Amino acid sequence: MALNLRDRIYTECVTVGTGNLDMGGIKDGYQDWTAFNDGDDVYYCVVDDFDWEVGQGVYIAGTNEVTRDKIFDSSRSGAKLDLDGYSSVFATYPAEKAVILD
């Protein structure tokens with residue numbers, strides 16, 4: 001599996017609970033997660049009202065889902081959010097993984 005980054009990926013997320021991120025409709029002006037290839041490692045941020053989670057997972061093309069394998073940070077002290085089916089999710093590049101050269 002290869003880590004891939006894509007620009008302007010932002011969709012609704014219809015997941016209920018702490019399982020995989022199940023993608024919903026595409027936000028206006030953005031791309032869908034289908035810009036990734038099946039099995040790509042991806043970074044994501046999911047936002048549910050005032051709570052958020054940043055992590056790494058694998059894109060599953062057949063179901064248009066992203067697994068939630070590694071949580072880097074969240075507003076719940078690093079724990080997965082318990083989603084309510086009305087969230088948003090976007091591709092991101094986590095600060096923890098950033099490389100800054102001086």
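The values are calculated or read from the model by the stated rules, or taken from the named source; none is laboratory data. It should be emphasised that the depicted structure is a prediction, and the values quoted were computed from it without experimental measurement. Cβ placement follows ideal geometry from the backbone for every residue including glycine, while neighbour counts extend to all protein chains displayed. Accessible surface areas use protein heavy atoms only, side chains included; no ligands, DNA or RNA. Shrake-Rupley method; radii C 1.70, N 1.55, O 1.52, S 1.80 Å.
Considering only residues that are within 11 Å of SER87 (Cα to Cα), open to solvent by less than 30 Å² (accessible area, probe 1.4 Å) and modelled with pLDDT of 95 or more, look in segment 18-51 and name the one that is farthest from the chain's Cα centre (by Cα). For segment 18-51, the residue satisfying everything is GLY24. Among residues of segment 21-34 that are within 11 Å of THR63 (Cβ to Cβ), those with a Cβ under 7 angstrom from a residue that is assigned to a strand (DSSP E or B) and of a type outside the set (A, V, I, L, M, F, W, C), sequence gap 6+ or separate chain, pair up as LEU21/TYR44; LEU21/GLU65; ASP22/GLU65; MET23/THR11; MET23/GLU65; TRP33/THR11; TRP33/TYR59. Among the residues of segment 1-17, those that are open to solvent by 90 Å² or more (accessible area, probe 1.4 Å) and out of contact with any Gly (no Cβ under 7 Å at 6 or more places or on another chain) comprise LEU5, ASP7, ARG8.
Screening segment 77-102 for residues that are open to solvent by less than 40 Å² (accessible area, probe 1.4 Å) and aliphatic (A, V, I, L, M) and picking the one that is farthest from THR34 (Cα to Cα) gives LEU81. Taking each residue of segment 35-49 that is over 19 Å from VAL14 (Cβ atoms) and looking for partners that are modelled with pLDDT under 95 and open to solvent by less than 30 Å² (accessible area, probe 1.4 Å) with beta-carbon atoms closer than 7 Å, six or more apart or interchain, yields TYR43/PRO94.
Evaluate the following for VAL54: is it within 17 Å of VAL16 (Cβ to Cβ) and either in contact with a strand residue (DSSP E or B) (Cβ under 8 Å, 6 or more places away or on another chain) or open to solvent by less than 30 Å² (accessible area, probe 1.4 Å) (or both)? For VAL54, the condition - within 17 Å of VAL16 (Cβ to Cβ) and either in contact with a strand residue (DSSP E or B) (Cβ under 8 Å, 6 or more places away or on another chain) or open to solvent by less than 30 Å² (accessible area, probe 1.4 Å) (or both) - is not met. When residues in segment 12-33 are screened for being outside any loop (DSSP other than H, G, I, E, B), under 11 Å from GLU65 (Cβ atoms) and in contact with a Lys or Arg (Cβ under 9 Å, 6 or more places away or on another chain), 2 of them pass.
Entry remark, segment 60-76: residues being open to solvent by less than 20 Å² (accessible area, probe 1.4 Å) and closer than 14 Å to TYR10 by Cα number 1 in total.
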